[in-house]
Amino acid sequence: MPARIIQSNSQPFKKVPVDPVTLEVIENALRNARIEMDATLVRTAMSPGIREQGDAFPLIADSNGKMIVGQFGSYIGPFLEGFDGTVEDGDMIFLSDPYSVGGAISHCNDWLVLLPVFREGRLVAYTSMFGHQSDIGGKVPGSMPIDATSIFQEGVRIPPVKIWKKGEYNEDLIKLVMHQVRTPDWCKADLNALIASCRVAARRVIEMCERFGDDVYASATDLLLDRNFRAMKQLIESSVSEEHVSFEDYVCDDGLGFGPYKIKCTMWRENGRVVLDFDGTDPQSQASINMFLNENMMRMFFGIYMIMVFDPQILFNDGYYDLIDVRIPEGSLLKPKFPAALSGRTHVLGRLFDILGGLLGQKTPEFLNAAGFSSSPHLFYAGTDKTGKWFQLFQIGFGGIPGRPLGDGPDGHSLWPGFTNVPNEFLERYFPLVIERYETVADSGGAGLHRGGNGINMVYRFLEPGVIAIHDDRWFVPPWGVNGGEPGARARKVLVKTDGTEIVLPNKCEDYKVESGDQLQFITWGGGGWGDPLDRDPALLAKELKQGLVTAKGALRYGVVLKDGEVDAAATDTLRAEMRDQRGDVSVFNYGPDIETLRANCLAETGLPAPQAPKWQHFAVAAE
């Protein structure tokens, strides 16, 4: 049964003309309100994942639930269709269960708050914010067990409930939830920060309605949605062919020894709409690498990618959703059946952006990006210090961003533009560890006219015994290069014991014991290269040698000979001519070795056994 919106004033908004200046003022006021939501959040949250890294996503929607500004797209329409309850003035909805909202949030660590905004008895907008909680209970610290086989092992699941009901705070609900988590102080502060952010945005919407009138505000949001529709329609017509194009990529493993898992998407234009069909994607995993992909979220990913590549000036919103048809097979890695585990879904999430790049660039190679968005590396470190105090770290790391048509990929950067690294000083102040090194890995970016971004080597020295967990990918299947560019280097994790013994750790592992003095080398992947490496400016490589971004040996991949830090022009010309003759024409995609070759060479190249081919099984749907 759909939600019932209770309004004392049910008069519909009138469609009125809005002059360009007023539209511009309202658009930028909404944009600033979103920024203010983020600012409020980071000033009031406590967990480093939100406060330091910005792992939270705001949204301001119109009265129908369509996102006007935000990042992940609106879940409000599907949520209202499935919420058996009322929505009234003074209510605020709180939830975290992906299965309750069709995957609008992708794992239970993301706590979401939704505030319906009323003015004079009439619903005028929604504001919402969700953020990643560092712990929500469950079988392991951090609540993201990569080896989970059921969502019930991943901590507290919160269905849509009213944290505020007609202006009254449900304190007993919060006590119940906080009783399930290991870090209640952090979680409660972060929840209050989410609430404060939504209230700030709601005030800004009310102020706009008071200044311009409800009808003008509503008409302006309609115009913003329509403008986005027209812009995206033009982009689709010029950039997406009616001919079917397919692309596939792989998540390396599931943490249980099986992999890789294939994600396949076929794209075409039909009757003015884009079709994204994921038929051919592997079935769901028994581990937690599944992602319950919401169709609107995929529409937003597609739109973000299109806009950033083809027309970055467009302010994206939900206006273009009717132009995109997303088809995801049930029971697949992207649409698992309840109660499949979901906490390790970041690897699939990152890989979707690589796949979009591979799809959209096939007909327009000049706009093609290499691979390297790929994943979101996580490190967890938890234990009890000498004073008996519990400590618990959750940190997001960064790999190399792919080479692009307009330049090199950034070294060690998040796939989400708004994410930042946790300052080393913060880590050393609040956790029992020392950061020995934090540096780019020379030559790890794929060679190309535009180099792939280098990966990062972050070396942690642990000062207290505890347990660590690692969630990363791109250790088995490398990030591919394009237009002649080479694949990037693969990720690697090495634990150095106090006696000097080196242990190669899996890139997905849980509850691994560490002792005081142990060092962890957390090495992330490099982005794939873009364009012919033999066309890269030799002088630039000489400069990058001095900067520590490439080595003299690595420069040979570009056909550049460096002696004493300077370019040997004659030797370079000779080497490049030989390399051109030997290789022939370059291919659009350079994936590196095929899967079976990677399996055969895995132990020798990575120090780890190759993952076994996944074994599929029937997943029954459990009753909630």
| field | Answer from V504, V482 - the residue that is over 23 Å from G388 (Cα atoms), touching a helix residue (DSSP H, G or I) at 6+ places or on another chain (Cβ under 9 Å) and surrounded by fewer than 20 Cβ atoms within 10 Å (Cβ to Cβ) | value | V504
| message | Scan the range 371-390 and tell me whether some residue there is crowded, with 22+ Cβ neighbours inside 10 Å, part of a loop (DSSP other than H, G, I, E, B) and of a type in the set (A, V, I, L, M, F, W, C). | response | yes
| task | Mind counting the residues in the range 513-540 that are over 22 Å from G397 (Cβ atoms) and touching a Phe, Trp or Tyr at 6+ places or on another chain (Cβ under 6 Å)? | result | 2
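I need the full set of residues from the range 420-446 which are assigned to a loop (DSSP other than H, G, I, E, B), open to solvent by 20 Å² or more (accessible area, probe 1.4 Å) and among the hydrophobic types (A, V, I, L, M, F, W, C), in order please. Spell out how you get there, then give the answer.
First pass over the range 420-446, keeping only residues assigned to a loop (DSSP other than H, G, I, E, B): 420-423, 431-432, 441-446.
Checking the rest, the ones that are also open to solvent by 20 Å² or more (accessible area, probe 1.4 Å) come to 420-421, 423, 432, 441-443.
Passing the criteria: V441, A442.
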| remark: Residue hits (the range 527-568; within 21 Å of P487 (Cβ to Cβ), outside any helix (DSSP H, G or I) and not hydrophobic (A, V, I, L, M, F, W, C)) are G527, G528, G529, G531, D532, R536, T551, G559
| field | Flag if I206 is open to solvent by 20 Å² or more (accessible area, probe 1.4 Å) and either in contact with an Asp or Glu (Cβ under 9 Å, 6 or more places away or on another chain) or among the aliphatic types (A, V, I, L, M) (or both) | value | yes
| Pairs under 7 Å by beta carbon, first residue more than 13 Å from A218 (Cβ to Cβ) in the range 9-20, partner open to solvent by 100 Å² or more (accessible area, probe 1.4 Å), six or more apart or different chains? | N9/E120
| request: Scan S332, S376 and give me the residue that is modelled with pLDDT of 95 or more and not β-branched (V, I, T). | output: S332
| task | Can you run down the residue pairs with Cβ atoms below 9 Å, 6 or more apart or on separate chains, where the first is in the range 378-389 and free of Cβ contacts under 8 Å to residues at least 12 places away in the same chain and the partner is assigned to a strand (DSSP E or B)? | result | none
| message | Just the residues that are of a type outside the set (F, W, Y), open to solvent by 50 Å² or more (accessible area, probe 1.4 Å) and not in a loop (DSSP other than H, G, I, E, B), please, taken from the range 145-161. | response | Q153
| said: For the condition open to solvent by less than 60 Å² (accessible area, probe 1.4 Å), outside any helix (DSSP H, G or I) and of a type in the set (G, A, S), what is the one hit in A29, A33, A39, A61? | reply: A61
| request: Answer yes or no: is there a residue in the range 486-507 that is β-branched (V, I, T), over 27 Å from Y250 (Cα atoms) and in contact with a Phe, Trp or Tyr (Cβ under 8 Å, 6 or more places away or on another chain). | output: no
| Yes or no: N457 open to solvent by 20 Å² or more (accessible area, probe 1.4 Å) and within 30 Å of L256 (Cβ to Cβ)? | no
| request: Give the number of residues within the range 487-526 that are in a loop (DSSP other than H, G, I, E, B), more than 25 Å from L256 (Cβ to Cβ) and touching a strand residue (DSSP E or B) at 6+ places or on another chain (Cβ under 6 Å). | output: 1
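Among the residues of the range 550-606, which ones are charged (D, E, K, R) and either in contact with a strand residue (DSSP E or B) (Cβ under 7 Å, 6 or more places away or on another chain) or open to solvent by less than 80 Å² (accessible area, probe 1.4 Å) (or both)?
Keep residues of the range 550-606 that are charged (D, E, K, R), which gives 553, 557, 563-564, 566, 568, 573, 576, 578, 580-581, 583, 585, 594, 596, 599, 605.
Those that are charged (D, E, K, R) and either in contact with a strand residue (DSSP E or B) (Cβ under 7 Å, 6 or more places away or on another chain) or open to solvent by less than 80 Å² (accessible area, probe 1.4 Å) (or both): R557, D568, R576, R599.
Which residue out of F79, F13, F72 is outside any helix (DSSP H, G or I), in contact with a helix residue (DSSP H, G or I) (Cβ under 9 Å, 6 or more places away or on another chain) and surrounded by 20 or more Cβ atoms within 10 Å (Cβ to Cβ)? Even if it seems obvious, please write down each step before you answer.
Details: F79 fails: outside any helix (DSSP H, G or I); F13 fails: surrounded by 20 or more Cβ atoms within 10 Å (Cβ to Cβ).
The conditions single out F72.
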| note | Of those in the range 391-417 that are open to solvent by 60 Å² or more (accessible area, probe 1.4 Å) and in contact with a Phe, Trp or Tyr (Cβ under 9 Å, 6 or more places away or on another chain), the residue farthest from S516 (Cα to Cα) is R404
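Taking the residues in the range 178-203 that are part of a helix (DSSP H, G or I), free of Cβ contacts under 8 Å to residues at least 60 places away in the same chain and out of contact with any Cys (no Cβ under 8 Å at 6 or more places or on another chain) as candidates, determine which candidate is least open to solvent (accessible area, probe 1.4 Å). Lay out the reasoning, then the answer.
From the range 178-203, those part of a helix (DSSP H, G or I) are 178, 184-203; that's our starting set.
With free of Cβ contacts under 8 Å to residues at least 60 places away in the same chain added as a condition, the list becomes 178, 184, 188, 203.
Right, trim to out of contact with any Cys (no Cβ under 8 Å at 6 or more places or on another chain) and you get 184, 188, 203.
Details: P184: 52, K188: 99, R203: 121 Å².
Among them, the one singled out is P184.
The values are calculated or read from the model by the stated rules, or taken from the named source; none is laboratory data. Here the structure is a predicted model, which means the values were calculated and not measured. Neighbour counts are summed over all protein chains in view; Cβ atoms, including those assigned to glycine, are modelled from backbone coordinates with ideal geometry. Just so you know, the surface numbers come from the protein's heavy atoms only, side chains and all, with ligands and any DNA or RNA stripped out. Shrake-Rupley method; radii C 1.70, N 1.55, O 1.52, S 1.80 Å.
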